[in-house]
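Trainee: Below you will find the structure I want to go over with you.
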Amino acid sequence: MRIDVVSIFPEYLAPLELSLIGKARQDGLLSLQVHDLREFTTDRHRTVDDTPYGGGAGMVMKPEPWALALESVTETSTTSDSAALPTLIVPSPAGEVFNQKLAYELAEEEHLVFACGRYEGIDERVLEWSEEHFRVRPVSLGDYVLNGGEVAVLAMVEAVGRLLPGVIGNPDSLVEESHSDGLLEYPVYTKPSSWRERDIPAVLLSGNHAKIARFRRDEQLRRTSERRPDLIDRLEIGALNKADLETLHSLGVDKDQ
Ligand code: 6GU
């Protein structure tokens, strides 16, 4: 996969050189380039923002540097299928909310471009113009406001990058993590089995794999109904078996009944 990030703070993206994502880049599984938007300005002051038409607080990012920056990344786009446009992700609190499903979807793309806005946002005409060259997706991390898109890009690149083939040593670990089946993950324990007078749940020492699986599933359902009842509401009834429905009933949750 190829990823380009355009930002006025390229240094903000330095953590993408570390850990799993840094290793994936070194191993050639991920080609990631960060571009400084100011390199695409043409005035002496390298201006990227101006006051909003119609008035109001704050500043708006000017369209000209954005178009030049985005053109420069598409000129070298490697999308093999000429029908497939690169995807332009525009981090914004006004976007669709990022989740694991979207991470899996983006992990299938050949070329992702992230346009990090700052201030009150980017001139809307840049997004309209971009539709001709990209599949454009404004994406939010959640219902709160950051100062710019950079931190959101760190989160999204990590979430997508770890799904690329070869990035995670044991892909089985992707199967049982939170959100892979619409539920939060079950609690985990390691040695010692007794620590500061706290014992691990006895079933985990029983060697009974069916019982352990049931215990873990019940813990997933318990945690999710406690912490994220919205996820329980969104579960497909077909994703739940009889034992799941009984567990939910004992937790005071009755799905579709
Ligand atoms: Cl993606 N960007 C900004 N600026 N703020 C946010 C966000 C993104 N997601 C939540 N808040």
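The values are calculated or read from the model by the stated rules, or taken from the named source; none is laboratory data. Every value quoted in this text rests on a predicted model; they were computed, and no experiment measured them. We place every Cβ from the backbone using ideal geometry, glycine too, and count neighbours over all the protein chains shown. In case anyone asks, the SASA skips ligands and DNA or RNA and just uses the protein heavy atoms, side chains included. Shrake-Rupley method; radii C 1.70, N 1.55, O 1.52, S 1.80 Å.
Trainee: Please name whichever of I212, V97, Y53 sits farthest to the positive end of the charge dipole of the chain, dipole taken about the Cα centre and charges placed at Cβ: Lys and Arg +1, Asp and Glu -1.
Mentor: I212
Trainee: Gain in length, A94 to N241, computed as 0.36 nm per residue apart minus the alpha-carbon separation, to one decimal in nm? Intermediate results must be reported in sequence, preceding the final value.
Mentor: Working: separation 147, 0.36 × 147 = 52.92 nm, distance 3.70 nm.
Separation in residues times 0.36 nm, less the Cα-Cα distance, equals 49.2 nm.
Trainee: Would you kindly state the longest site-free stretch of the chain, with sites defined as trypsin sites (Lys or Arg not before Pro) in a DSSP loop (not H, G, I, E, B) surrounded by at most 13 other Cβ atoms within 10 Å? Provide the component values of the computation, followed by the final result.
Mentor: On the way: sites that count: R44, R196.
No qualifying site falls inside 45-195, the longest such stretch.
Trainee: With a Förster radius of 45 Å, plug the Cβ-Cβ distance of I200 and L18 into 1/(1 + (r/R0)^6) and report the FRET value to the nearest 0.05.
Mentor: Working from the Cβ atoms, E equals 0.90.
Trainee: While we're here: For T47, what is the net charge nearby, where nearby means another residue's Cβ is under 12 Å from its Cβ and Lys, Arg count +1, Asp, Glu -1?
Mentor: Numbers: positive: R38, R44, R46, K62; negative: D43, D49, D50, E64.
Here the charged neighbours net out to 0.
Trainee: Obtain the nm distance between the two label points defined at T190 and Y53 by a simple spin-label model: each point lies 7 Å from its Cα along the Cα-to-C-beta direction.
Mentor: So the two model labels end up 5.8 nm from each other.
Trainee: How big is the antiparallel share of DSSP beta bridges in the range 25-175, given as a percent to the nearest 5?
Mentor: If I count the DSSP bridges inside the range 25-175, around 20 percent turn out antiparallel.
Trainee: While we're looking at this one, here's another question. For a quick check of understanding: with a 1.4 angstrom probe and all protein chains in place, what accessible area in square angstrom does L20 have, to the nearest ten?
Mentor: Looks like 80 Å² after rounding.
Trainee: Mind putting a number on the dipole of the chain about its Cα centre? Charges go on the C-beta only, +1 for Lys and Arg and -1 for Asp and Glu, and I need it in Debye to the nearest 20. Can you show the working numbers first?
Mentor: On the way: 27 positive and 44 negative charges, 230 e Å.
With only Lys, Arg, Asp and Glu charged at Cβ, the dipole is about 1100 debye.
Trainee: Separate question: Could you tell me the largest-minus-smallest coordinate of the C-alpha atoms of the range 95-157 on each of the three principal axes, in descending order and whole angstroms?
Mentor: Over the range 95-157, Cα extents along the principal axes are 30, 29, 16 Å.
Trainee: Same structure, new question: Apply 1/(1 + (r/R0)^6) to the Cβ-Cβ distance of T76 and H209, taking R0 = 41 Å, and write down the FRET efficiency to the nearest 0.05.
Mentor: On the way: r = 51 Å, r/R0 = 1.25.
So the FRET efficiency works out to roughly 0.20.
Trainee: Another one. Looking only at Cα atoms, what is the convex hull volume of the chain per residue, in Å³?
Mentor: Working: hull volume 52.7 nm³, N = 257.
Given the Cα convex hull of the chain, per-residue volume reads 205 Å³.
Trainee: Still on this structure, please answer the following. Counting Lys +1, Arg +1, Asp -1, Glu -1, what net charge surrounds V145 among other residues with beta carbon under 13 Å of its beta carbon? List each step's numbers first, then the result.
Mentor: On the way: positive: R118; negative: E120, D143.
Residues close to V145 contribute a combined charge of -1.
Trainee: Provide, as a two-decimal number, the C-alpha radius of gyration of the range 16-73 over 2.2 N^0.38 Å, N being how many residues it has.
Mentor: On the way: Rg = 16.5 Å, N = 58, 2.2 N^0.38 = 10.3 Å.
Output field value: 1.60.
Trainee: Still on this model: Per the Kirkwood formula on distinct C-alpha pairs, the Rh of the range 160-248 is how many angstrom? Before the final figure, lay out the partial values.
Mentor: On the way: mean 1/r = 0.0668 Å⁻¹.
Taking the inverse mean of 1/r over all distinct Cα pairs, the range 160-248 comes out at 15.0 Å.
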